[in-house]
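The values are calculated or read from the model by the stated rules, or taken from the named source; none is laboratory data. Remember, it's a predicted structure, so these values are computed and weren't measured experimentally. Don't worry about glycine lacking a Cβ; one is built from the backbone with ideal geometry, like all the others, and counts go over all protein chains shown.
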Amino acid sequence: MKSADLDRLARRHGISPTRPSPDVREVAISSEAKRKILSALKVELSAAADHEAGTTRRERQPPDQKIPTSFLPDFLVGTRIWGISLQLYELRSPRNWGIGDYQDLADMVDLAGAVGADFIGLNPLHAPFLADPDRCSPYEPSNRQHLNPLYIAVDQLPGFAGSPEVERQLQGLRRTDLVDYVGVARTKLAALRGLWPDWRKRRPADEIYDPDDFDAFVAERGDSLRLHALFECLSFSMVERGMGAGWRGWPADLQRFDSSAVAEFERDCADDVRFHMWVQWLAHRQLTQAAERAGKAGLRLGLYLDLAVGEAVDGSATWSEPEVYVCEATIGSPPDPFAVHGQDWHLAGYLPSAIASGDMSPYRRMVSAAMRYCGAIRIDHAPALRRLFLVPTGSRPVGGGYVRYPEQRLLQILADVSAEHRCLVIGEALGMIPPDLPDDLEAAQILSYRILSYEQDEKGFKPADAYPVLALACISTHDHQTLAGWWRGADIKARRDHAIVPPDLTEEHLRHRKRERRNLKAALEAAGLDLPAGLTARASREALRELTVSAYRFIARTPSRLAVVRLADLTDEKNPTNIPGTTDTYPNWKPKLSVSLGDLAASPLLARVTAAMREERPRR
């Protein structure tokens, strides 16, 4: 194919001819990158396929279409609320099984209501690889349309009766400072399998776990649920045979859900497929209970769930719906000053031509799966509404490119589904984003995501009144240190220690952090907030607690409709949730809180920060 023809075909399918460089210049992507990305988009390079793809497969956006608007609850008009964010798995309690669960969430809801919060923000609760529990990143799920069964509170199920042996196992799982996902999965699944035979005979009589409701759940979720359960069965079988939990390592005749070999397997393990459907239903029932309890506890927004930007390339979703996913390319980001080689997140994304197609499009089903439980969702990497950076398999990120997505149609889906479920939408759009995207998201009534350390300009930290109204304001997220850790420069030292940045860049970052500390103090003082004496880089624990209280008062004073308090800030956590850029060198997504759920109410810092939030954002 001639270069000019290739360029036209690439443009027709939304491939940007340039990408950013580390010094933020635009550089041309290569012809090889265009060919590989076109192939990943399932576009044939012949002239005939070129014409067909351009006329029938491209999703066109109507010109000058009015941007649809997502749902905003009436009570938010003229008022500002606040909530608490946490990682569900990090919760400790004397009754859980070594991992926070849906019962812990219900108890946390009660605590949040007692201190005046209006919502609980959570990590993604998407379905993981049950057969490989150590693949524990909530942002690389097996399937976003289903739930994580490891959060089931088994002890709350009818018919459960513990034993001394099980209790010994649980004590060991509770004592660890890191979630032992393998041990948790082994213990919970064994207990659930022990309950299944009696439940299968429809013996339990319980209004919460009604067998008729299970039948209705199976009928409603249809083939999506069945195929996910079938994948779980195959995944366990393949792990037992040493082939791995992900389908790309399986025999060829099992890599397609519609093969005769898979049909035969399903016939042979019909009861096990039904078991995994039941497990999904249990998770659904318990998460529904937690959401209902939030309403009873007075949380006006309720639960706020996070949505991952993609799924594992070898998980349940790509196995059961291969026709809607990009093949042989993964989601990432281009080179930038803090990741000079770019990033490959190894996530599968929807095809631009399929993502919004049909009445029950893949995107509609995915967002509906979360919205049915909550009053707000946060879209991780909201620029994906307009474009994704795709890295072809076998290439480095420098060999990738941006691909356009049908923004208007996705915004319409968000507007429709959010109205149906009365769920507001928050869009995380940080880093390298199209300059006009924030305006489009605001016009669509999608709240922006404002992190204190990112809200700086050449003059320093922006004043509180400069924050937008249609936003969620916070101090940090799961990808950051706590405020105390940020103040000490722990994030910079971690990137050095894990060889993410070179030593010379570390020294530059430390010098910059010194300026940032000075600028933050200036911003807080300008806002009339008290700061402790001796607030240096080596400030005492008590001084850092005082700083935390003042910083949250600052966040609370912004005009932003939502403000969120990170639970890890209130428990003086030293170990970060996640260090981006690490894999085997840090136990990402495993650290537990240092304080048990039952002891949180007695935490002096929690009492001081929540009191400050109530004073700055009183209920009306």
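What residue, among those in segment 25-45 that are of a type in the set (A, V, I, L, M) and part of a helix (DSSP H, G or I), is surrounded by the most Cβ atoms within 10 Å (Cβ to Cβ)?
Applying the filter and picking the extreme gives Ile37.
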- [ ] For segment 565-577, indicate whether the set of residues that are at positive phi and in the same structural domain as Ile500 (by TED's automatic domain parsing) is non-empty.
- [x] yes
Open item on the list: Every residue in segment 113-128 that is in a strand (DSSP E or B) and either more than 22 Å from the chain's Cα centre (by Cα) or of a type in the set (A, V, I, L, M) (or both), please.
Closed with: Ile120, Leu122, Ala127
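Checking the condition surrounded by 12 or more Cβ atoms within 10 Å (Cβ to Cβ) and not aliphatic (A, V, I, L, M), which residue from Arg511, Arg515, Arg553 passes? Lay out the reasoning, then the answer.
Details: Arg511 fails: surrounded by 12 or more Cβ atoms within 10 Å (Cβ to Cβ); Arg515 fails: surrounded by 12 or more Cβ atoms within 10 Å (Cβ to Cβ).
None of the others qualify; the one that does is Arg553.
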Open item on the list: Exactly one condition in (1) within 28 Å of the chain's Cα centre (by Cα); (2) outside any helix (DSSP H, G or I) is false for Cys233; which is it?
Closed with: (2)
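Given the options Glu516, Glu573, Glu525, name the one that is charged (D, E, K, R) and free of Cβ contacts under 8 Å to residues at least 40 places away in the same chain. I'd like the intermediate steps shown before the answer.
Details: Glu516 fails: free of Cβ contacts under 8 Å to residues at least 40 places away in the same chain; Glu573 fails: free of Cβ contacts under 8 Å to residues at least 40 places away in the same chain.
Glu525 is the lone residue from the list that is charged (D, E, K, R) and free of Cβ contacts under 8 Å to residues at least 40 places away in the same chain.
Can you find a residue in segment 529-539 that is free of Cβ contacts under 8 Å to residues at least 24 places away in the same chain, part of a helix (DSSP H, G or I) and small (Gly, Ala, Ser)? Walk me through how you get there before you give the answer.
Filtering segment 529-539 for residues free of Cβ contacts under 8 Å to residues at least 24 places away in the same chain gives 530-536.
Checking the rest, the ones that are also part of a helix (DSSP H, G or I) come to none.
Within segment 529-539, not a single residue is free of Cβ contacts under 8 Å to residues at least 24 places away in the same chain, part of a helix (DSSP H, G or I) and small (Gly, Ala, Ser).
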TODO: Mind listing just one residue for me: the one in segment 304-323 that is among the hydrophobic types (A, V, I, L, M, F, W, C), buried (at least 21 other Cβ atoms within 10 Å of the Cβ) and under 30 Å from Ser259 (Cα atoms) and, of those, farthest from the chain's Cα centre (by Cα)?
DONE: Trp319
- [ ] Pull up segment 195-214, narrow it to residues that are surrounded by fewer than 13 Cβ atoms within 10 Å (Cβ to Cβ), modelled with pLDDT under 75 and not hydrophobic (A, V, I, L, M, F, W, C), then point me to the one that is farthest from the chain's Cα centre (by Cα).
- [x] Arg203
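Say whether the condition of being under 24 Å from the mean Cα position of the chain (by Cα), among the aliphatic types (A, V, I, L, M) and at pLDDT 95 or above is met by at least one residue in segment 576-593.
Yes, some residue in segment 576-593 is under 24 Å from the mean Cα position of the chain (by Cα), among the aliphatic types (A, V, I, L, M) and at pLDDT 95 or above.
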Open item on the list: Within segment 388-466, considering only strands (runs of 3 or more DSSP E) that don't extend past its boundaries, which have at least 1 residues that are in contact with a Cys (Cβ under 7 Å, 6 or more places away or on another chain)?
Closed with: 447-451
TODO: Please verify whether segment 482-489 includes one or more residues that are part of a loop (DSSP other than H, G, I, E, B) and either surrounded by fewer than 21 Cβ atoms within 10 Å (Cβ to Cβ) or not assigned by TED's automatic domain parsing to the domain that holds Ile579 (or both).
DONE: yes
Task: Filter pass, Asn588 being touching a Pro at 6+ places or on another chain (Cβ under 6 Å) and surrounded by 19 or more Cβ atoms within 10 Å (Cβ to Cβ) - done: no
Open item on the list: On the basis of being surrounded by fewer than 20 Cβ atoms within 10 Å (Cβ to Cβ), β-branched (Val, Ile, Thr) and in contact (Cβ under 8 Å) with a residue 60 or more places away in the chain, does Val501 make the cut?
Closed with: yes
Open item on the list: Which count do you get for residues in segment 92-150 that are of a type outside the set (Phe, Trp, Tyr) and within 30 Å of Gly249 (Cβ to Cβ)?
Closed with: 28
Open item on the list: Let me spell it out: the conditions are (1) out of contact with any Ser or Thr (no Cβ under 8 Å at 6 or more places or on another chain); (2) small (Gly, Ala, Ser); (3) modelled with pLDDT under 95, and Gly528 meets all of them except one. Which number is the exception?
Closed with: (3)
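Output the number of residues of segment 96-112 satisfying the condition of being assigned to a loop (DSSP other than H, G, I, E, B) and out of contact with any Gly (no Cβ under 7 Å at 6 or more places or on another chain).
First, the residues of segment 96-112 that are assigned to a loop (DSSP other than H, G, I, E, B): 96-101.
Still in the running and out of contact with any Gly (no Cβ under 7 Å at 6 or more places or on another chain): 96-97, 99-101.
The total comes to 5.
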- [ ] Return yes or no: is Tyr139 modelled with pLDDT of 95 or more, in a helix (DSSP H, G or I) and of a type in the set (Phe, Trp, Tyr)?
- [x] no
Open item on the list: Under 7 Å between Cβ atoms, which residue pairs at least 6 apart in sequence (or on different chains) link something in segment 74-90 that is on the phi > 0 side of the Ramachandran plot with a partner that is polar (S, T, N, Q) and not in a loop (DSSP other than H, G, I, E, B)?
Closed with: none
Task: The listed residue being surrounded by 24 or more Cβ atoms within 10 Å (Cβ to Cβ) and either touching a Lys or Arg at 6+ places or on another chain (Cβ under 8 Å) or not small (Gly, Ala, Ser) (or both), out of Leu76, Leu86, Leu72 - done: Leu86
- [ ] Could you name every one of the helices (runs of 4 or more DSSP H) located completely within segment 260-374 that has at least 1 residues being among the basic types (Lys, Arg) and assigned by TED's automatic domain parsing to the domain that holds Asn148?
- [x] 260-268, 270-296
TODO: Identify all residues within segment 507-554 that are of a type in the set (Gly, Ala, Ser) and within 25 Å of Thr571 (Cα to Cα); write none if there are none.
DONE: Ala523, Ala533, Gly534, Ala537, Ala539, Ser540, Ala543, Ser550, Ala551
